[in-house]
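Inspection log for the structure reproduced underneath, given as structure tokens.
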Ligand SMILES: Cc1cc2nc3c(=O)[nH]c(=O)nc-3n(C[C@H](O)[C@H](O)[C@H](O)COP(=O)(O)OP(=O)(O)OC[C@H]3O[C@@H](n4cnc5c(N)ncnc54)[C@H](O)[C@@H]3O)c2cc1C
Ligand code: SF4
């Protein structure tokens with residue numbers, strides 16, 4: 001059992017959990033992920049590690065309540081426990097001194113970009129970060145990103161904060177400027193990562209994306225997370241989660257992520273129904 | 001007394017009924033049936049059956065005790081060499097092992113050795129086995145076991161009984177390996193059989209740490225240098241699924257058998273939405289392969305509501321590697337076997353979902369290296385099997401995680417750990433290995449047997465170490 005030391009609401013339906021997990025905290029590196037289960041009926045939920053504290057023995061997880069399982073997760077309170085937590089899984093980000101790097105985070109993807117940006121900064125890179133969200137109220141980790149970036153650019157779809165644009169616009173401007181950009185790291189919705197890849201491709205700038213396909217065990221046993229990278233099938237859990245953005249087949253990845261859409265609805269309705277029943281029982 | 005040429009039939013759920021539920025297919029012998037079956041055994045002095053058993057269970061001796069009603073003695077006899085008889089009685093390919101060599105098999109059917117083994121084990125378990133916790137010496141040496149499949153469980157049990165402090169590290173959230181995530185409930189009940197065996201180990205004082213991926217959470221070297229383990233056993237199995245490498249394999253609705261079965265068995269997707277893990281089945285399902293894994297996939301699909309479940313196998317019925325009983329059960333349940341058929345592509349629609357499996361028909365040519373006749377494609381025989389789901393059950397390889405993170409641990413060309421067949425000794429001092437990670441995907445009894453041999457070798461290694 002893994003205790004939730006801190007629970008914090010970062011934005012509507014975006015939660016932060018700091019969880020006690022000394023063994024994982026000891027080993028975690030930027031770019032890696034964990035898998036957790038809320039209860040015995042629960043799914044195995046993969047989440048990228050947003051931060052880790054080796055002294056305190058904790059890892060920070062940030063998630064958006066999208067399906068029934070993450071809503072269940074979000075109902076846990078500070079002081080309560082996760083049933084299962086395993087990790088760190090996947091390969092860490094390759095960090096070295098590249099020169100000038102651009103870290104792009106979209107929506108909830110800003111959280112996993114943070115430790116990578118920090119790692120790159122510590123390795124002596126000039127870090128320019130671009131973070132984007134639909135609007136200001138759901139923009140997370142602004143201060144944290146500012147602290148590890150030499151320059152921070154904010155974009156929102158509705159212009160409520162920063163520039164009114166998609167993350168690809170300032171990215172293109174940077175690529176067009178006289179700065180030599182050695183690496184772009186992008187994490188966010190698949191469609192955003194796809195457009196980042198298309199933006200950097202003509203410039204030949206190495207671009208890394210972190211993929212989050214559907215997976216079950218996270219140790220290479222089920223193959224559910226397979227993605228086509230440069231015509232080859234790779235398992236995101238053990239070969240990734242980071243891949244060369246210019247080689248990823250994003251179309252197939254997006255299709256695969258829709259696989260359980262009908263199930264998700266059914267599951268949400270079931271959970272909602274059960275909660276209602278539960279409430280009724282209490283009021284008797 | 002005239003001997004029947006046939007085995008006493010196993011009481012079973014009706015095929016039509018069981019094809020819609022996940023309860024165990026075979027119900028087990030009654031005492032009367034068990035005694036009658038035991039009476040068929042001729043008590044041969046030479047005991048040819050014993051030679052067919054990979055761990056040489058003293059078969060005539062335990063069967064004699066069944067006949068005489070001494071179940072306590074019978075279970076003790078089996079457990080001398082087999083720590084998981086309730087499992088083996090259910091899943092061993094007996095027709096290839098002990099029963100193949102039974103004298104009765106020359107004229108009729110062999111003694112139902114597996115059925116009797118299961119009966120003895122179930123009887124003992126239902127009675128409640130009393131297991132005394134071991135009194136560990138304060139300076140007891142520590143052994144780490146990686147993986148909790150049959151190999152790891154066997155090592156742990158044997159070493160705990162010898163007084164070693166054993167900790168099992170398992171990557172998943174439940175211990176048991178393939179017994180939990182692969183083999184379905186309807187062949188091997190999880191709570192009633194597998195978890196009982198595992199709890200017996202806990203009662204012996206074996207510690208089981210789940211959610212621990214060795215190679216990541218700890219490395220083997222850290223276990224030995226920092227965590228104080230005197231020896232390590234690696235039993236990580238053959239968990240990496242192979243794909244066919246044909247077009248369309250990433251369409252929605254294509255599963256590896258591992259994923260399909262894990263969702264259903266370990267994650268209990270058959271109870272969705274009460275349990276949160278979903279599974280996609282559709283009306284028609286094609287399973288590619290001919291082993292136990294394929295049979296399990298096809299029969300699971302039926303139980304999840306498929307109207308039609310095909311087995312697509314490129315050789316003929318005679319070459320099917322699955323257990324005879326599974327093939328028989330699959331046929332009874334209405335699985336549609338497409339023999340001499342090989343997939344060439346998975347066909348999908350514009351939304352990325354499977355609509356069919358394109359195949360060609362094959363014929364058997366000259367024997368290949370494995371001694372089996374090689375299937376050859378018949379020209380212009382292409383056709384499409386209309387299906388909503390494709391499950392690929394063409395084999396598994398070794399997961400490279402432990403090998404790639406352990407200094408000085410040799411592997412072979414296929415990536416399996418190189419270990420001595422009789423002792424499990426590897427190239428790294430103090431590290432032993434056994435089961436599917438060494439042999440490639442094999443059987444429960446071979447993995448368990450390898451575990452027992454390694455336990456004996458670890459014992460003598462640790463005694464030597466202590467003496468120094
Ligand atoms: C669907 C299916 C049906 C089968 N049916 C039969 C049958 O009817 N009869 C038969 O005899 N055999 C059958 N087999 C084969 C049999 O189950 C295996 O040969 C046997 O389980 C191998 O045992 P093992 O202990 O070597 O490994 P496994 O049972 O594979 O166990 C390995 C364990 O190690 C864990 N692990 C892996 N890597 C790590 C790591 N890095 N750190 C920690 N833990 C790790 C895994 O999670 C797993 O729990 C079947 C196999 C499958 C998949
Ligand atoms: S363990 Fe398997 S091979 Fe040995 S006697 Fe039992 S059923 Fe036969």
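FYI, it's all coordinate maths here, none of it is from the lab. Not measured: the values here are computed from a predicted model. Glycine gets a Cβ as well: all are built from the backbone with ideal geometry, and neighbour counts include every protein chain shown.
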### Mean Cβ neighbour count within 10 Å, used as a protection proxy, ranking A:35-41, A:127-133 highest first
A:127-133, A:35-41
### Query
Helix A:110-122 versus the longest principal axis of chain A: what angle, 0 to 90°, nearest 10, using Cα atoms?
50
### Query
Cα gyration tensor of chain B, axes a ≥ b ≥ c as square roots of the eigenvalues: rounded (a/c below 1.5), prolate (a/b > b/c) or oblate?
oblate
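If chain A were replaced by its equivalent ellipsoid, with semi-axes equal to the square roots of 5 times the Cα gyration tensor eigenvalues, what would those be, largest first, whole Å? Walk me through the numbers on the way to the answer.
Values: eigenvalues 197, 83, 78 Å².
Gyration-tensor ellipsoid for chain A: 31, 20, 20 Å.
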### Message
Modelling each spin label as a point 7 Å along the Cα-to-Cβ direction, I'd like the residue A:244/residue B:456 distance in nm, to one decimal.
### Response
5.2
#### Entry: chain B: calculated mean residue ellipticity at 222 nm from DSSP helix runs of at least 4, using -39500 (n - 2.57)
-9000 deg cm²/dmol
### Semi-axis lengths, Å, the range B:210-260, gyration tensor of Cα atoms, sqrt of 5 times eigenvalues
36, 10, 9
### Task
Take the alpha carbon atoms of the range B:114-159, find their center, do the same for the range B:399-468, and report the distance between the two centers in whole angstrom.
19
### Query
Residues of the range B:80-117 with amide nitrogen under 20 Å from the 7 Å Cα-to-Cβ point of residue B:196?
B:80-92, B:113-117
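Is the shape of the range A:120-178 best called rounded, prolate or oblate, per the rule: a/c under 1.5 gives rounded, else a/b larger than b/c gives prolate, else oblate, with a ≥ b ≥ c the square roots of the Cα gyration tensor eigenvalues? List each step's numbers first, then the result.
On the way: a/c = 3.18, a/b = 1.30, b/c = 2.45.
Cα axes put the range A:120-178 in the oblate bin.
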### Message
Below 8 Å between Cα atoms, with a sequence gap of 6+, how large is the relative contact order for chain B in percent?
### Response
16
### Mean separation of Cα contacts under 8 Å (6+ apart) over length of chain A, as relative contact order %
15
## Note on the structure
Ranked output for segments B:154-160, B:349-355 by mean other Cβ atoms within 10 Å, highest leading, reads B:154-160, B:349-355
#### Entry: Projected label distance in nm at residue B:427 and residue B:317, using a 7 Å step from Cα toward the beta-carbon
4.7
### Pairs of Cα atoms farther than 27 Å apart, the range B:175-326, %
36
### Message
Taking the beta-carbon count within 10 Å as an exposure proxy, list A:145, B:224 from fewest neighbours to most.
### Response
B:224, A:145
### Message
Residue by residue through B:266-274, how many Cβ atoms from other chains fall within 10 Å of the Cβ on average?
### Response
5
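So, R0 is 45 Å and r is the distance between the beta-carbons of residue A:94 and residue B:465; what FRET efficiency does that work out to, to 0.05? Provide the component values of the computation, followed by the final result.
Values: r = 40 Å, r/R0 = 0.89.
In this case the efficiency is close to 0.65.
At a Förster distance of 45 Å, what's the computed FRET efficiency of residue A:40 paired with residue A:177, Cβ-Cβ distance as r, to 0.05? All intermediate terms of the calculation are to be shown ahead of the outcome.
On the way: r = 54 Å, r/R0 = 1.20.
In this case the efficiency is close to 0.25.
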### Summary
By Cβ neighbour count within 10 Å, fewest first, B:460, B:316 rank B:460, B:316
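Tell me, in nm to one decimal, what length is gained between residue A:258 and residue A:147 on full extension, where the rule is 0.36 nm per residue of separation less the Cα-Cα distance? Each step should come with its number before you reach the end.
Details: separation 111, 0.36 × 111 = 39.96 nm, distance 3.59 nm.
Gain on stretching residue A:258 to residue A:147: 36.4 nm.
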### Summary
Ranked on Cβ counts within 10 Å of their own Cβ, fewest leading, B:209, B:145 go B:209, B:145
### Message
How shielded is B:209-218 by partner chains, expressed as the average number of their Cβ atoms within 10 Å of its Cβ atoms?
### Response
5
### Cα-based radius of gyration of the protein assembly as shown once divided by 2.2 N^0.38 Å, which approximates compact folds
1.02
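Hey, got the average number of other protein chain Cβ atoms within 10 angstrom for residues in B:28-37? Please report the intermediate quantities before stating the final value.
Values: counts 0, 0, 0, 0, 0, 0, 0, 0, 0, 0.
Average per residue, whole number: 0.
How large is the convex hull of the Cα atoms of the range B:15-127 per residue, expressed in Å³ as a whole number? Could the numbers behind the result be given before it?
Values: hull volume 12.9 nm³, N = 113.
Convex hull of Cα atoms, per residue: 114 Å³.
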### Message
Ratio of alpha-carbon Rg to the 2.2 N^0.38 Å globular estimate for the range B:241-392, to two decimals, please.
### Response
1.03
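Can you give the relative contact order of the range B:15-127 as a percent, counting alpha carbon pairs under 8 Å and 6+ residues apart?
Numbers: 140 pairs, mean separation 34.2, N = 113.
Dividing the mean separation by the residue count of the range B:15-127 yields 30 percent.
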### Query
Quick one: Cα centre-to-centre distance for the range A:195-249 and the range A:4-37, in angstrom?
23
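Just to verify a number: FRET efficiency for residue B:413 and residue A:160, C-beta to C-beta distance, R0 = 60 Å, to 0.05?
Working: r = 59 Å, r/R0 = 0.98.
With R0 = 60 Å, the Cβ-Cβ based efficiency is 0.50.
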